[in-house]
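The values are calculated or read from the model by the stated rules, or taken from the named source; none is laboratory data. The structure displayed is predicted, hence computed values, not measured ones. Glycine gets a Cβ as well: all are built from the backbone with ideal geometry, and neighbour counts include every protein chain shown.
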Amino acid sequence: MTGVILILLLGVGLAAALGWLARALRDLRTDWSSQLSERNAEVDRRLVGVTETMDRRLGELDTKVDRRLESASQTTNKIHERLGKVDEATTQMLERAKDLARLEQALRPPKARGGFGELLLENLLRDRLPPSAYEMQYTFDSGERVDAIVRADRTIPVDSKFPLDNYIRLVDAETDDERQLAERQFGRDVKQHIDAIAAKYIRPDEGTYDFAFMYIPVEGVYYELACGKTGALLSYAHERRVFPVSPTTFTAYLQVIALGLRGMQIEEHAHEVMAYVADLRRDFDRFADDFDKVGTHLGHAQSKYHEAGKRLDKFGTKLERAVEEQEELDGETVLELPGIAADAA
């Protein structure tokens with residue numbers, strides 16, 4: 001009996017324990033479900049925030065990428081444009097090179113080079129000097145004709161020379177022997193030109209200065225003459241009173257000449273102004289003399305006026321006295337008339 005009771009008690013306790021365990025498990029499951037729901041909601045919120053942040057950053061990244069692509073496209077277009085311009089410039093340079101080659105071929109005859117040099121000289125003179133300050137193809141009394149003269153206080157002969165053949169050989173020389181030979185031939189040509197200019201065109205008796213300019217249209221030829229190894233050609237030219245000039249150096253000379261001509265014009269105008277001032281001075285002196293004479297005459301007239309005034313006052317006083325005396329005489333005569341009448345009666 002007791003065993004049955006114990007078994008019943010154990011069954012009741014076990015059932016209570018199982019019920020409590022079931023309730024505890026149910027409560028625990030409920031808590032877990034609630035916590036899991038909260039965790040899921042929080043995870044969802046975080047996922048939404050992360051998603052929004054990712055979407056925003058991806059949108060910004062897309063915008064930046066689009067801008068970079070647009071900038072890259074513009075840069076590419078500019079590069080293509082620049083390349084197109086470079087191609088055009090290259091084409092133009094090739095055309096210019098062809099033109100220079102044709103010009104070089106055209107300038108090989110000495111007469112063609114001479115005419116081209118004279119044309120460049122005339123253009124340079126026309127750009128830097130007034131028309132009255134120079135003359136092309138000037139002829140001396142001896143019949144010699146120089147390419148140009150520049151008129152200053154005296155005339156300056158200018159002759160264009162174009163020693164190109166041996167200069168090209170000098171530039172194209174591949175060995176020292178070829179270069180030395182070309183240098184000697186180039187020096188010989190230059191000396192011949194210097195001697196010809198000195199003998200034909202430096203004529204002080206015909207109004208020129210005691211020097212002349214040798215105009216060399218090509219800068220390279222000029223610098224080979226002026227800056228050669230020994231400088232002998234330039235020294236030789238200076239000894240002969242011939243001054244080699246290139247387009248650049250001759251431009252500087254012409255600028256100085258133009259300033260000198262302007263100074264001479266200013267001096268000439270100053271002389272004219274001084275002469276005009278001297279004429280004005282003489283006119284003023286004559287006017288001063290006439291003014292003094294007029295003043296003297298006015299002084300005399302004023303003096304005579306005062307004298308005449310004094311005489312007029314004296315005459316007026318005398319006239320007043322005469323009138324007064326006449327009035328007195330007339331009064332006395334009137335007073336005596338009745339007596340005379342009475343005696344007569």
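Observations, loosely collected:
A quick yes/no check of all residues on (1) under 52 Å from the mean Cα position of the chain (by Cα); (2) of a type outside the set (Asp, Glu); (3) modelled with pLDDT of 75 or more; (4) surrounded by 10 or more Cβ atoms within 10 Å (Cβ to Cβ):
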{"residue": "LEU47", "(1), (2), (3), (4)": "no, yes, no, yes"}
{"residue": "ASP55", "(1), (2), (3), (4)": "no, no, no, yes"}
{"residue": "SER73", "(1), (2), (3), (4)": "yes, yes, yes, yes"}
{"residue": "ALA89", "(1), (2), (3), (4)": "yes, yes, no, yes"}
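- Entry remark, region 207-260: residues being in a loop (DSSP other than H, G, I, E, B) and either under 30 Å from the mean Cα position of the chain (by Cα) or of a type in the set (Phe, Trp, Tyr) (or both) number 6 in total.
- Selection within region 147-177 - surrounded by 14 or more Cβ atoms within 10 Å (Cβ to Cβ) and either touching a Lys or Arg at 6+ places or on another chain (Cβ under 7 Å) or among the hydroxyl-bearing types (Ser, Thr, Tyr) (or both): THR155, SER160, PHE162, LEU164, TYR167, LEU170, ALA173
- The numbered conditions (1) surrounded by 18 or more Cβ atoms within 10 Å (Cβ to Cβ); (2) free of Cβ contacts under 8 Å to residues at least 60 places away in the same chain are all true for TYR223 except (1).
- Subset of region 233-264 (residues that are modelled with pLDDT of 85 or more, over 21 Å from ARG126 (Cβ atoms), of a type in the set (Gly, Ala, Ser) and surrounded by fewer than 19 Cβ atoms within 10 Å (Cβ to Cβ)): SER235
To keep it simple, each residue is scored yes or no on (1) within 18 Å of ALA226 (Cα to Cα); (2) touching a strand residue (DSSP E or B) at 6+ places or on another chain (Cβ under 6 Å).
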position: ARG126; (1), (2): no, no
position: LEU129; (1), (2): no, no
position: GLU135; (1), (2): no, yes
position: SER142; (1), (2): no, no
position: TYR167; (1), (2): yes, no
position: ASP177; (1), (2): no, no
position: LYS191; (1), (2): yes, no
position: ILE197; (1), (2): yes, yes
position: LYS200; (1), (2): no, no
